Amino acid sequence: MSTATVQFTAAAATDRGRKRPSNEDAFGYSIEHGVYLVCDGMGGAAAGEIASSLAIDEMMRLLSNGEPHTPTLDDSCKALSQANHAIYERAQKNYKLCGMGTTLVALVAEERRVRVLNVGDSRCYMLRKDRLRQVTLDHSLVEEQVRSGRMTKTEALRSPLRNVITRALGTQCQVTPDVFEIEAEAGDLFLLCSDGLTRELTDAQIEAHLKSNLPLEELCTQLVKAANKAGGNDNITCILVRVD
Ligand code: CA
């Protein structure tokens, strides 16, 4: 078994898209702490933006403060729970923010052990040995129907209920994330993204981009550009994390 330490490289991009008046997505990361986050907010007026940026601020404050120290699974779950509470509390105090919430997909790396925590329909993908696989499962009404065999993928894409998510941060006093654990290998490329990317591009298109071997910054720009070209109907956010 190899004990060589792994190195992580990352880049991110976010864009309002072509149809929405504002950007309710938010992201944050710290390579030295091994923390990478994407949020997609929802709620009336400015509430979506408040929910997603509050989630990022809380998670970054709790997981990337002080000395470089990679968070354990327990640290990550506690931070997620506190971020949930912070949004929920804020909404309780202001009726204009009532019901606001956000998705959260987090990748937390403790050496080779990569943990992905997910609430909502933002996604994590992994490209390993030229094969793309989706790590997370969407907490959305239509995806849950697809998984239980009551709806086809095509029906899901066209459904008027495709925006309904079944789990979010901040809408209830408690939330439980899905947790996925992966042993990272050199060459792995992870993508965290909001649905503004995955609604516009198919998995095959995303895979083709990820295989292009471009520098990560440029690859992020290309993904955003492609999503805008395909419609840009929603805010688009992506973080790429490469293991070397
Ligand atoms: Ca969105």
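The values are calculated or read from the model by the stated rules, or taken from the named source; none is laboratory data. No experiment lies behind these values; they were computed from the predicted model shown. Because the Cβ atoms are built from the backbone with ideal geometry, glycine has one as well, and the counts that use them run over all protein chains shown. Just so you know, the surface numbers come from the protein's heavy atoms only, side chains and all, with ligands and any DNA or RNA stripped out. Shrake-Rupley method; radii C 1.70, N 1.55, O 1.52, S 1.80 Å.
Summary of values
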{"read-out": "Contour minus Cα-Cα distance for Asp130 and Val6 (0.36 nm per residue)", "value": "42.7 nm"}
{"read-out": "Within the chain, helix-based [θ] at 222 nm, where runs of 4 or more DSSP H residues each add -39,500 (n - 2.57), nearest 500", "value": "-9500 deg cm²/dmol"}
{"read-out": "Approximate spin-label separation Ala45-Glu110, in nm, with each point projected 7 Å along Cα-to-Cβ", "value": "4.1"}
{"read-out": "Surface share of carbon and sulfur [accessible, 1.4 angstrom probe, percent] for the chain", "value": "49"}
{"read-out": "The chain: Cys lacking any partner C-beta under 4.7 angstrom", "value": "Cys39, Cys77, Cys98, Cys124, Cys173, Cys220"}
{"read-out": "Whole-number accessible area per residue in Å² for the chain, which is evaluated in the context of all protein chains at 1.4 Å", "value": "48"}
{"read-out": "Protection proxy ranking of 43-52, 173-182 - average other beta-carbon atoms within 10 Å, highest first", "value": "43-52, 173-182"}
{"read-out": "FRET efficiency estimate (nearest 0.05) - Cβ-Cβ, Asp203 to Glu32, R0 41 angstrom", "value": "0.85"}
{"read-out": "Sequence ranges 229-236, 104-111, ranked by mean other-Cβ count within 10 angstrom, highest first", "value": "104-111, 229-236"}
{"read-out": "FRET E, pair Ser212, Ser81, Förster distance 45 Å, beta-carbon r, rounded to 0.05", "value": "0.75"}
{"read-out": "Highest-first arrangement of 152-160, 164-172, 118-126, where packing means the average Cβ count within 10 Å", "value": "118-126, 164-172, 152-160"}
{"read-out": "Average Cα contact separation per residue, the stretch 8-243, under 8 Å, 6 or more apart, as relative contact order %", "value": "28"}
{"read-out": "Centroid-to-centroid separation of the stretch 142-209 and the stretch 88-106 [C-alpha atoms, Å]", "value": "21"}
